[in-house]
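Please treat every number below as a calculation from the coordinates, not as lab data. A quick note: this is a predicted structure, and the numbers were derived from the prediction, not measured. Note that each Cβ is placed from the backbone with ideal geometry, even for glycine, and that neighbours are counted across all protein chains shown.
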């Protein structure tokens with residue numbers, strides 16, 4: 001006898017006071033419900049239901065056993081729920097804070113198709129690394145130098161200027177002879193506040209003669225874009241971001257800049273799936289155009 005199934009039939013029939021309705025409630029045929037309850041009664045050694053041609057009622061013994069049977073059914077359902085979560089190994093995945101919501105939703109859906117059940121935690125590059133190190137998340141899309149990344153996003157300078165297809169050299173921003181003119185700045189987004197991007201462009205700015213405050217870390221993406229839209233300042237970003245911002249994009253003339261991304265996870269198999277079967281979905285989240 002399946003004790004859990006028999007108790008489920010007993011609880012449903014007693015609640016509905018009908019074998020037909022009770023059986024339907026647990027998704028079994030009425031004769032199956034009858035057999036299961038009869039088997040339960042034989043196992044317990046006493047009837048739990050009084051049967052007549054029209055009604056079904058609890059016996060005194062059945063009333064005493066109903067609450068216990070309900071707890072057993074509830075516990076079995078909770079057990080199945082926890083087993084399902086454990087089997088799916090649901091976890092958190094740290095992703096770039098500026099990743100498009102629709103792309104993230106597609107990534108989650110694709111993950112489920114391939115046996116990875118996760119939710120996303122948007123965070124900056126440094127925070128993502130910390131979350132992985134402290135094991136507050138199981139996996140992360142981390143920022144790495146472009147040469148060692150699974151995904152690469154070319155960066156350039158975006159602003160309000162004519163799109164002539166040419167590169168934009170940083171030295172063009174050197175302060176002129178007009179001391180009253182406000183020097184043009186390059187705003188670096190929070191996602192690029194990493195040594196392999198920020199430190200390099202600061203060094204380049206120094207090498208071509210820019211003033212120290214002409215390369216600026218932006219506190220937010222909207223703040224950086226507002227500076228470019230409202231004047232002659234530029235934003236370091238990808239071509240796709242420039243299009244979304246309504247700005248013209250050009251690659252940096254002196255040297256190439258790019259974001260690199262890799263996937264790390266507590267499980268080697270999860271890392272492999274993020275880099276292979278989910279590679280295109282991750283690329284859409286980070287803006288890799290390839």
For the chain, what is the largest minus smallest coordinate of the Cα atoms on each principal axis, given in angstrom and ordered from greatest to least?
104, 36, 29
Unit-weight point scatterers at every alpha-carbon of the range 198-290, Debye formula, q = 0.18 1/Å: log10 I(q)/I(0) is -0.96
Bin by bin, in steps of 5 Å, what percent of the Cα pairs in the range 153-257 do you find, going until the bin that has the longest distance?
2, 14, 25, 28, 20, 8, 2, 0
Quick one: among 218, 23, 105, which has the greatest mean-square fluctuation in a GNM of the chain with alpha-carbon springs under 10 angstrom?
23
With a 10 Å cut-off between alpha carbons and a GNM built on the chain, which of 110, 127, 41 moves the most?
41
For the range 112-204, the Rg and Dmax computed from alpha carbons only, in angstrom:
18.6, 62
Helix 101-113 sits off the longest principal axis of the Cα atoms of the chain, rounded to the nearest 10 on a 0 to 90 degree scale, by 50 degrees
GNM flexibility winner over the chain from 61, 161, 91 (Cα, springs under 10 Å):
61
Mind sorting 155, 131, 40 by how few other Cβ atoms lie within 10 Å of their own Cβ, fewest first?
131, 40, 155
For the range 71-130, using Cα atoms only, the Rg and Dmax in Å read 15.5, 48
How much length is gained on full extension from residue 52 to residue 268, taking 0.36 nm per residue of separation minus their Cα-Cα distance?
71.6 nm
Quick one: order 49, 102 by neighbouring beta-carbon count within 10 Å, fewest to most.
102, 49
Take the Cα gyration tensor of the range 1-129, multiply each eigenvalue by 5, square-root it, and list the three semi-axes largest first, rounded to whole angstrom.
48, 15, 12
Please order 142, 59 by the number of other Cβ within 10 Å, starting at the fewest.
59, 142
Describe numerically, in nm with one decimal, the distance between label points set 7 Å from Cα along Cα→Cβ at residue 219 and at residue 92.
2.5 nm
